[in-house]
There are 2 protein chains.
Amino acid sequence: MQTVGGRTSVEPGHPRRADALRNRERLLVAARETFAEEGPDASLNEIARRAGVGPGTLYRHFPTRRALQSAVLADRIDRLRERADELAATSPAEALTAWLHAFLAHARSDHGLTGSLLSEPLEPGFDCHEIIRKAATLVLTRAQQAGAARPDVSADDLIRLVVGIALSAGPDADPGQAARLLDLVLEAVRTSPALE
Amino acid sequence: MQTVGGRTSVEPGHPRRADALRNRERLLVAARETFAEEGPDASLNEIARRAGVGPGTLYRHFPTRRALQSAVLADRIDRLRERADELAATSPAEALTAWLHAFLAHARSDHGLTGSLLSEPLEPGFDCHEIIRKAATLVLTRAQQAGAARPDVSADDLIRLVVGIALSAGPDADPGQAARLLDLVLEAVRTSPALE
DNA sequence: CGATAATACGGAGAACCTCTCCGCTTGGCT
DNA sequence: AGCCAAGCGGAGAGGTTCTCCGTATTATCG
């Protein structure tokens, strides 16, 4: 635990005044609720209204929609990182399977928030991209070292595949199908590429 | 060739007046261009303007954005159906691979139009869903009968996987990665599920 | 070849959304 | 207490979706 969120430390660039910090938090709460209810295209006006602040305040804290989405996602995704740590206790192969299923469940549950962020280039500098990539890398490299995953697959590949499944089989679709598709993919990931 | 688009036949439900038909065609042309340039979220106003008609006319012909997208996609997708027919001359395994790669290229090229339609439930009644499913089924069942594809995979599964890859590795991303991911998936599709 | 009725057009306009700008308030510091 | 930078909020410009209804056009029939 390193207090990633930074509740105690004073990051540079973050608001210094108490009200600014409070508003930031309110906005995040409102955004989390609203995105959950109405999907990633929810009205930013509405979010500001729910948070009890003006639109200007929202845009000062989060200049773009994606910045807000990313911030909302950041702490949800932090749980996936923790899960990756926990799974280090199990066998590499099981850990890989379990974590990817957890990731899939997450990606499917948030109305495409994860997808709408990750479908665009996995640019560095975005908190949540970094977190996910780190977690995926952790689980994957362990599996690769144990020979439970082919070495020519990257963490990015895995993320893309899972996000793709989550996106194409949206939250309304059959959850069983999504899980089945992931299992199919996992089979390929386990297969050695040498066996042509 | 069965004149699927129905240029000659008079479908019920389609406009009877000459100007209506002409406007419908103009709208489709304008929509095709505009979606290609600006993606699936392009302004419908702009499309109407380009077509030289009022917004009301656009909405009468295509009540929703998706209806317009679906209509635009329909004839593009018809080419994929033709491709499936052509590939019937090659080996079942090759046909499967080649067609899925063609589908992937298509899905990646149209600025997410295919994705934005297919990511939502593959509801019947939508022209383009039907067409794609038919083409995929054609290629897949032949491969399955030849033992070149596991029997527990459905055409829907394949469509979802390809669309997912196209969505998560957007048109800006590395094309090589998308192809590689598809190859990975294809490996799993070829593998017999009995070999647990 | 008109006349008539059904059909389709078009654009004004209501409601909404994103995003900016700037006068005013408030919190932190001395 | 008093100053002043940091932060707030909401009016408003510009764009979008979608509707409604008076007007124009087309097919059809006498």
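Annotation: of all residues in the stretch B:55-74 being outside any helix (DSSP H, G or I) and away from DNA strand C (no atom under 12 Å from the Cβ), the one that is nearest to B:Arg17 (Cα to Cα) is B:Pro63. Among the criteria (1) over 16 Å from B:Ala136 (Cβ atoms); (2) at pLDDT 90 or above; (3) among the small types (Gly, Ala, Ser), the one B:Ser116 does not fulfil is (2). Looking only at the stretch A:167-196, residues that are small (Gly, Ala, Ser), surrounded by 15 or more Cβ atoms within 10 Å (Cβ to Cβ) and either within 8 Å of chain B (Cβ to nearest Cβ) or farther than 24 Å from A:Leu117 by Cα (or both) come to 5 in all.
Listed by first and then second residue, the pairs linking a residue in the stretch B:163-181 that is farther than 13 Å from B:Phe103 by Cα to a residue that is surrounded by 15 or more Cβ atoms within 10 Å (Cβ to Cβ) and of a type in the set (Lys, Arg), with Cβ atoms under 8 Å apart and 6 or more places separating them unless they lie on different chains, are B:Ser168/A:Arg160; B:Ala169/A:Arg160; B:Ala169/B:Arg108; B:Gly170/B:Arg108; B:Pro171/B:Arg108; B:Pro175/B:Arg108; B:Gln177/A:Arg160; B:Leu181/A:Arg160.
When A:Leu44 is tested against the conditions (1) in contact with a Lys or Arg (Cβ under 9 Å, 6 or more places away or on another chain); (2) without any contact (Cβ under 8 Å) to a residue 24 or more places away in the chain; (3) within 8 Å of DNA strand C (Cβ to nearest atom), the lone failure is (2). Applying the selection to the stretch B:43-54, what residues are closer than 20 Å to B:Gly112 by Cβ and outside any helix (DSSP H, G or I)? B:Ser43, the sole residue that qualifies. Within the stretch B:140-165, the set of residues being over 16 Å from A:Ala173 (Cβ atoms), aliphatic (A, V, I, L, M) and either more than 8 Å from chain A (Cβ to nearest Cβ) or surrounded by fewer than 16 Cβ atoms within 10 Å (Cβ to Cβ) (or both) comprises B:Leu140, B:Ala143, B:Ala146, B:Ala148, B:Ala149. Number of residues in the stretch B:63-75 that are crowded, with 17+ Cβ neighbours inside 10 Å and closer than 20 Å to B:Ala166 by Cα equals 5.
Here's the yes/no breakdown for (1) over 26 Å from A:Gly39 (Cβ atoms); (2) of a type outside the set (D, E, K, R); (3) within 13 Å of DNA strand D (Cβ to nearest atom):
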{"site": "B:Gly39", "(1), (2), (3)": "no, yes, yes"}
{"site": "B:Asn45", "(1), (2), (3)": "no, yes, yes"}
{"site": "B:Gly52", "(1), (2), (3)": "yes, yes, no"}
{"site": "B:Ala67", "(1), (2), (3)": "no, yes, yes"}
{"site": "B:Val72", "(1), (2), (3)": "no, yes, no"}
{"site": "B:Leu80", "(1), (2), (3)": "yes, yes, no"}
{"site": "B:Pro92", "(1), (2), (3)": "yes, yes, no"}
{"site": "B:Ala105", "(1), (2), (3)": "yes, yes, no"}
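When restricted to residues that are more than 22 Å from A:Gly115 (Cα to Cα) and either in contact with a His (Cβ under 9 Å, 6 or more places away or on another chain) or away from DNA strand D (no atom under 14 Å from the Cβ) (or both), the stretch A:22-37 contains 2.
Please verify whether the stretch B:89-100 includes one or more residues that are within 15 Å of DNA strand C (Cβ to nearest atom) and either touching a Phe, Trp or Tyr at 6+ places or on another chain (Cβ under 6 Å) or at pLDDT 95 or above (or both). Spell out the reasoning first.
Going residue by residue through the stretch B:89-100, those that are within 15 Å of DNA strand C (Cβ to nearest atom) are none.
No, because not a single residue in the stretch B:89-100 is within 15 Å of DNA strand C (Cβ to nearest atom) and either touching a Phe, Trp or Tyr at 6+ places or on another chain (Cβ under 6 Å) or at pLDDT 95 or above (or both).
Only a single item in (1) at pLDDT 90 or above; (2) within 23 Å of A:Ile132 (Cβ to Cβ) is not met by A:Leu58, and it is number (2).
The values are calculated or read from the model by the stated rules, or taken from the named source; none is laboratory data. Please read all numbers here as calculations on a predicted model, not as lab measurements. In this analysis, Cβ positions are derived from the backbone assuming ideal geometry, glycine residues included, and neighbour counts consider all displayed protein chains.
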